[in-house]
Each structure stands twice: as structure tokens, then as C-alpha cells.
1. Looking at Gly172, is it small (Gly, Ala, Ser) and touching a Lys or Arg at 6+ places or on another chain (Cβ under 6 Å)?
2. Looking only at residues in the stretch 181-205 that are over 30 Å from Asn48 (Cα atoms) and assigned to a strand (DSSP E or B), which one is least open to solvent (accessible area, probe 1.4 Å)?
3. Can you name the number of the only condition in (1) within 30 Å of the chain's Cα centre (by Cα); (2) part of a loop (DSSP other than H, G, I, E, B) that Val219 fails?
4. Just to be sure before I move on: is Phe108 in contact with a helix residue (DSSP H, G or I) (Cβ under 8 Å, 6 or more places away or on another chain), part of a strand (DSSP E or B) and at pLDDT 95 or above in the structure I sent?
5. Of the residues Leu253, Leu244, Leu227, which is within 30 Å of the chain's Cα centre (by Cα), open to solvent by 20 Å² or more (accessible area, probe 1.4 Å) and modelled with pLDDT of 95 or more?
6. Could you tell me whether the stretch 272-282 includes any residue that is open to solvent by 10 Å² or more (accessible area, probe 1.4 Å), more than 24 Å from Val116 (Cα to Cα) and not in a loop (DSSP other than H, G, I, E, B)?
7. With the requirement that a residue be of a type outside the set (Ser, Thr, Tyr) and either within 12 Å of the chain's Cα centre (by Cα) or open to solvent by less than 10 Å² (accessible area, probe 1.4 Å) (or both), what does the stretch 129-138 give you?
8. For the stretch 98-145, what are the residues that are touching a residue at least 40 places away in the same chain (Cβ under 8 Å), of a type in the set (Asp, Glu) and farther than 23 Å from Leu275 by Cα?
Amino acid sequence: MRRRNLYLLLFTLAPACTALNQKDAFLDAVPRVAAPVSNVIFTDDFENGLGQWSQTSGSWNVSNASGVSGNYVQTGTSATPATFSIATVNNLNLTGRTNCLLEYDVRFLIKGVSGVSASVMFDTTTVGTFKDTSGLNDITSSTAFVHRKAPLPNNGYGRLSFVTTVTNDTTGFADLRIDNVSVTCNNSASATVIVVDENLNSSAASWSLQSPWAWTAGVGYGGTAALYSPVGTTGGSGNGGNWLATFLPTINLTNRFGCRLDFYHSLAAAGNNCLYLEMNGSKIWALCGASSAGNISTYLTAFEGVSSNTLAYRCLDANVSGGGSITCLVDEIKLTCQQ
């Protein structure tokens, strides 16, 4: 009887063992899936200080002001010309990753003095500019932090840095405050949108031109038409002149980022005569007292998120006492953004 029960037990267990062995064999044959790769490459809200950053030039400070949630980092200042730069301690490795995005909160007041600037770099590539060294008006976010984004290069490798240049600590400073920095990858792909595309080959219908600005054939890039302000009865005559070429539709940069303006310019100027690029009445690029021609590319980081921006070029004859002259030309104007 005992032997019969043993046989019955073995008969019952045999199929179960066979099934377990088959299950194990199946699982062993299934390809192993690698652990998921985190899309978060870097993040810092500065609540633990500057441990993830190197102060590569000048002294930066961790601050905490009323009305702001937690710590932020703030650029230093100097009584003499100086550069302030803070960069991640470690290189950020974006190899094999796509659609990488830098996000940060920023408050800025970059003074309108030649030589003062503020920008954002990834390795040696500029990915954001609040004001370049030629701008001649204050660029500010007022007293509020605003959110900014910038696309980073696919397969990029390098340190993230924020950089300011100053001339003095009164009229020539750059107050740049940064918080909540993050770099993520494998985001949904953004779309490149062309916001302004003015090759001016056929007309200047989208422009308001103060004479002597005029749409002129044969003078632009590659011999095409362009916006042109020639030397005439006012230029260099001693009367002086201050003329605008204004793009008529206001420019909506709401929910757009990584915005960059490219244009071709040509200038022949003496003395204090200048060609300016203006956004919302602020001179964000300037060239004075020189003969120059070429392509300009500048980020519009400070104006992103704003629903109504005004773009204009100003040709200034400042020689009211005579003895100077100026010709201004702009062409191939293109503004592109991500959204």
C-alpha cells in the first residue's frame, strides 16, 4: 500500500516538474532587456549650494530673496572689466541621445553698455544670448523669474555654462540669476518654425520705411533687392538723420524657444554714425563708425515668451555738424524658432 502511494505521488509530480523545466527553459531563451536609460541628464535647484558647479571665472553667489522659492545662483560684479563664468563640474554626455533640452528659470538685468553681455553655452556652442556686447539698451525681465528653454546638440558632449561680461559695477553690470536647471533627452521632437522670412527679392510690402530707407533693386546680397538707405541730401549734409525700417506685423514668440535672427548687412559710416537692430525699441545689436558687410546671427532669448515684439533697423546720421556720411543696407532677414 505504501509503495502504491509513492508511485501515485511520483506520477503526480512528474508533469509539474516537466512544466517548471519548460518554463525555465523558455525564460532562459528570452532576450534580456537592458534597464531603461534615464532621460534626465542633469538637474539642480541650488538648494544644496554649488556642489555641481565650478566657478571658472569670477565669484558667483547662492542667494535666497523674499518672493522666490528656495535658492538661486547670482553672478558677481566688478568695478573694472571682467568675465564671470560658472560651469557644470562634469561634462554632460548626450552621446546616442536626441531631442535634448536645457530648461532653467532666469531673472536678468543686463545693462545697456557696450561690452556688457550675458549668454548660455554648451561646450563651445552658444545656445542662448540675453544681450551681446554690442547692444546699447538695458535688457531685463523686470523683477520676475521667467522660464527659458534651449535645444542642445544631438550627440553633444561638454559642460553647460552661464557667462556674463561687465565693464563696471554701476552702469555696466550684468545681473543674471539662475534657478531650476535641468537637461533632459529623448523628449518629443520640436518643430522648427520660420517666423520671419524676408529675402526682399520681390517687394518690401511688410515694412514701414522712413525715407531715405527704400526698397532698392540690385544692391543686396548676391545682387538682389534689399532695404537700402543711401547717402543723399541728408546723409552727411550736416542736418543729421535718424531713420527706421520697421517690420509691420508684431512678432509672436509665445511658446517658442531657441529663437535666432539672421540677416545680411552692409554699412559705410563715419564718426558716430550707426546701424542698429532694435527689438521693442531696444538696440540689441549695433555697428558704428565703420565699413562692414557680412552675415549676423543673434539669439533672441530675452524676448521669447512675449506675444508682441517689434523688429526694426535704424540708420543714424549723427553728424549734425557735417563732415560725415552713412549708407545702410539689410537683406536676407530670417527668424526661426523651435516650438
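1. On the way: small (Gly, Ala, Ser): yes; touching a Lys or Arg at 6+ places or on another chain (Cβ under 6 Å): yes.
When the stated conditions are applied, Gly172 passes them.
2. So in the stretch 181-205, the residues over 30 Å from Asn48 (Cα atoms) come out as 188-205.
With assigned to a strand (DSSP E or B) added as a condition, the list becomes 192-198.
On the way: Thr192: 94, Val193: 27, Ile194: 95, Val195: 42, Val196: 3, Asp197: 93, Glu198: 30 Å².
The extreme case among them is Val196.
3. Among (1) within 30 Å of the chain's Cα centre (by Cα); (2) part of a loop (DSSP other than H, G, I, E, B), Val219 violates only (1).
4. yes
5. Values: Leu253 fails: open to solvent by 20 Å² or more (accessible area, probe 1.4 Å); Leu227 fails: open to solvent by 20 Å² or more (accessible area, probe 1.4 Å).
Answer to the check: Leu244.
6. Checked the stretch 272-282: no residue is open to solvent by 10 Å² or more (accessible area, probe 1.4 Å), more than 24 Å from Val116 (Cα to Cα) and not in a loop (DSSP other than H, G, I, E, B).
7. Residues of the stretch 129-138 that are of a type outside the set (Ser, Thr, Tyr), as a first pass: 130-132, 135-138.
Matches in the stretch 129-138: Phe130, Lys131, Asp132, Gly135.
8. The answer is Glu103, Asp105.
The values are calculated or read from the model by the stated rules, or taken from the named source; none is laboratory data. Owing to the predicted nature of the structure, the values given are computational and were not obtained by experimental measurement. Don't worry about glycine lacking a Cβ; one is built from the backbone with ideal geometry, like all the others, and counts go over all protein chains shown. All accessible areas refer to the heavy atoms of the entire protein, side chains included, with ligands and DNA or RNA removed. Shrake-Rupley method; radii C 1.70, N 1.55, O 1.52, S 1.80 Å.
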